[in-house]
Amino acid sequence: MISQAAMAKRAAPVLACVGLLAIWQFASLGLESDSFPTAIEAIRAIPDILGDKESLINILASLRRMAIGFGIAVLLSIPLGLLMGRSRAVAAFFNPLLMIIYPVPKAALMPIIMLWLGVGDITKTLVIFLGVSLPVIYHSFEGAKAVEEKMLWSGAAMGLSPLQRLVRIVLPAALPEILTGCRTGLVLALITMITSEMIARQSGAGNILFNALDMGQYDTVYAMIIIVGAMGICLDAVFERVRARLVRWSEPQFDMPLSFS
Amino acid sequence: MKVVPSRSSEWVRPVTSQQPASAIIEIDRVSQVFQTSARKDHLALSEISLTIEEGAFVSILGPSGCGKSTLLYIVGGFVSPTSGAARMKGQRITGPGPDRGPVFQEFALFPWKTVLGNVMYGPRQQGVRAHEAETQSRALIEMVGLRGYESFYPKELSGGMKQRVALARTLAYHPEVLLMDEPFGALDAHTRTRLQNDLLNIWERDRKTVLFVTHSVDEAVFLSDKVVMMSKSPGRIREVIDIDLQRPRRRNELLLDPRYQKYVVDIERMFDESDEVGSPS
């Protein structure tokens, strides 16, 4: 049996999507512009893209670059962030560097990287890596800094070495914060993935989008936007499930209902 | 015994040489200076010397800011003294170790571990096999009155329950000395009383050495064999008072015992006097 509240909770996102598409549909019908297809036209174009072998290979190549860039970024950023959080010397060294890199849009670095490494996979993966690294480092750093001193002392009294304390106390204690950073990183990975393919146009989902734009296939352009958006929603949903499982111990026990319902 | 306990060596270590053989912790002219700002140094502890005998329950009592917790952290090896030394069984303390188990006011449980996981952590770290560690830990959890809560996470427990887990977690790796840093300070009065009673019951079974920091006079008198009174700015030992009350102690008997009442009143009066003479606040 599903309660009424649970039903409403499930129906809400569906309603939101349907509502958005409806507004799009009517706006498009009203404007009657060639470059603004209706929602139905855009959705109709999706099977063509996903059915096309070449497009599919392109999209999968994008996802592969994204996975590699994200994976390497997470594996390097978490240890760095944790070390920064527990060692003043490490923080003092890396903080200014990161402060300089943080506000620079990573796509703005692409021309330079392309000069050095070409327009291939390495360049794009590197840009994704840079995009993901900073939020993950930052959140790991904050998470590690906030770890209660007494918790580390308790571990030290049990005989844990400094390295063991970092891996077995700081890492799990900071995990909720780290995963918040990873979630931001995941969205940024998707964004930098598309941007990198828009700049270095050779393959990938971003390339399909811009080729279609060049050729005036506006329904394909909009269909690609829907596909990329759907990819983002799915990745985030999967990540959120994994995250919730990993940090079940830290979540509040009860959903506090807001009083405006 | 070797033959040559020369006079000079006795002179160099006056604290140790005069103490009975059962001393487990010696604090030898320990001072601690904290830098509060660029130029000002704060003398938190000044030349503290104290010997704690094996199996004794010793409370360190003093107003906040007298450095009593710092003294405990020095014995724990978490803080290095600016000068002087603390020794455990004659060995200079240079860092934390499983022979000295802390219990903090803040509980400091591992929130990602269940109650059982927390209690098993120390034994597992010491290489006790999982099965054996679990059996021992379950027994300890029962001893602190938390049977049935083994698979709960710390966030699901009340403050009093958390402190019970923290106590069990520390007892689990068999430290020779328990270092308790205002362990009941964050609890409400009722819970506090219950935990004091339970701690005393547990302690009276195996009489581990306990160093117990508190600012509550009745708590110190109720629990301790010896109360070390400290005064602040700089942190000094004012008085060491032996609490000569029979054990096992029962709260309801003790509260009616004039000797208990006298200890409490005397100690409180001493604090009041020092307040008048001491800081203007």
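The values are calculated or read from the model by the stated rules, or taken from the named source; none is laboratory data. Every value quoted in this text rests on a predicted model; they were computed, and no experiment measured them. Reconstructed Cβ throughout: ideal geometry from the backbone, glycine too, with neighbour counts over all protein chains shown. With ligands, DNA and RNA removed, areas are computed over all heavy atoms of the protein, side chains included. Shrake-Rupley method; radii C 1.70, N 1.55, O 1.52, S 1.80 Å.
Per-residue extension of 0.36 nm, minus the Cα-Cα distance of A:Gln202 and A:Met7, leaves a gain of 65.7 nm for this segment. DSSP finds beta bridges in the protein assembly as shown, and of those with both partners inside it, around 50 percent are antiparallel.
Chain B contacts chain A over a buried accessible area of about 2100 Å², both sides summed; the probe is 1.4 Å and only protein chains count. Computed as a quarter of the hull surface, the mean projected area of the alpha carbon convex hull for region B:110-174 stands at 3.7 nm². Placing unit charges on each Cβ (+1 for Lys and Arg, -1 for Asp and Glu) gives chain B a dipole about its Cα centre, and among B:Thr191, B:Asn201, B:Ala168 the Cα reaching farthest toward its positive end belongs to B:Ala168. Helical content alone sets the calculated 222 nm signal of the protein assembly as shown at -18500 deg cm²/dmol, taking -39,500 (n - 2.57) per DSSP H segment of four or more residues and averaging over every residue. Using a cutoff of 8 angstrom between alpha carbon atoms and counting only pairs six or more residues apart, the relative contact order for chain A works out to 24 percent. The ellipsoid that matches the Cα gyration tensor of region A:66-138 has semi-axes, each √(5λ) in whole angstrom, of 24, 14, 9, with the longest given first. P(r) for region B:222-261, from all Cα pairs and a bin width of 10 Å, is 26, 41, 24, 8 %, short bins first. Annotation: per residue accessible area for the protein assembly as shown equals 53 Å², rounded to a whole number [probe 1.4 Å, protein chains only]. The residues of region B:65-98 listed by number as losing at least 50 Å² of accessible area in the complex, against the isolated chain and with a 1.4 Å probe, are B:Phe78. Going from the isolated chain to the complete set of protein chains, region B:165-191 loses at least 30 Å² of heavy-atom accessible area (1.4 Å probe) at B:Tyr173.
Within the accessible area of region A:39-249, the carbon and sulfur atoms contribute 70%, probe 1.4 Å, all protein chains present. Counting only complete DSSP H runs, which helices of chain B cover 20 Å or more along their long axis at the Cα atoms and score a mean Kyte-Doolittle of 1.6 or above? In chain B, no H run is both long and hydrophobic enough.
Relative to the longest principal axis of the Cα atoms of chain A, the long axis of helix A:171-199 makes an angle of roughly 30 degrees. Its relative contact order, with pairs defined as Cα atoms under 8 Å and 6+ residues apart, puts region A:68-164 at 49 percent. For A:Lys124, a cut-off of 23 angstrom between C-alpha atoms picks up these lysines, skipping any fewer than 8 places away in its own chain: A:Lys53, A:Lys106.
Each Cα pair under 8 Å and six or more residues apart adds its separation to the average, and for chain B the resulting relative contact order is 23 percent.
Would you work out what percent of the accessible area of chain B, with all protein chains in place, is carbon or sulfur (probe 1.4 Å)? Carbon and sulfur: 50 percent of the exposed surface of chain B. Comparing A:Pro135, A:Pro37, A:Pro13 in a Gaussian network model of chain A where C-alpha atoms under 10 Å apart are linked, the largest mean-square fluctuation is found at A:Pro13. Here the spin labels are modelled as points 7 Å beyond Cα on the Cα-Cβ line, and at B:Asp41 and A:Met215 they lie 7.9 nm apart. Largest GNM mean-square fluctuation across B:Ala86, B:Ala38, B:Ala108, computed for chain B with C-alpha springs under 10 Å, falls on B:Ala38. Sorted from greatest to least, the principal axis extents spanned by the alpha carbons of chain A come out as 71, 59, 30 Å. So, in nm, how far is label A:Lys145 from label A:Leu21 when the simple model puts each one 7 Å beyond its Cα toward the Cβ? The modelled label-to-label distance comes out at 4.5 nm. Sort region B:27-90 into rounded, prolate or oblate with this rule: let a ≥ b ≥ c be the square roots of the eigenvalues of the Cα gyration tensor; rounded if a/c is under 1.5, and if a/c is not under 1.5, prolate when a/b is larger than b/c, oblate otherwise. Prolate shape, in that a/c is at least 1.5 and a/b is the bigger ratio. Computed over chain A with a Gaussian network model linking Cα atoms closer than 10 Å, the most mobile of A:Ala67, A:Ala173, A:Ala89 is A:Ala89. Subtracting the Cα-Cα distance of A:Ala230 and A:Ala108 from their residue separation scaled by 0.36 nm leaves 41.3 nm. When the pairs B:Lys208/B:Lys262; A:Lys145/B:Lys113; A:Lys150/B:Lys232; B:Lys89/B:Lys113 are compared against a 31 Å limit on Cα-Cα distance, B:Lys89/B:Lys113 fall above it.
Rounded to the nearest 10 degrees, the angle from helix A:4-31 to the longest Cα principal axis of chain A is 40 degrees.
Note on the protein assembly as shown: Cα Rg divided by 2.2 N^0.38 Å, N the number of residues, gives 1.33. With viscosity 1.567 mPa s and temperature 4 °C, the Kirkwood radius over alpha carbon pairs of region B:115-240 converts through Stokes-Einstein to a diffusion coefficient of 82 µm²/s. Counting only Cα atoms, region A:126-212 measures 63, 17, 13 Å along its principal axes, largest extent leading. In region A:228-251, the residues that give up 10 Å² or more of accessible area when the other protein chains are added, compared with the chain on its own (1.4 Å probe), are A:Arg248, A:Trp249, A:Glu251. Ordered from longest to shortest, the equivalent ellipsoid semi-axes for chain B are 31, 24, 20 Å, each the square root of 5 times a Cα gyration tensor eigenvalue.
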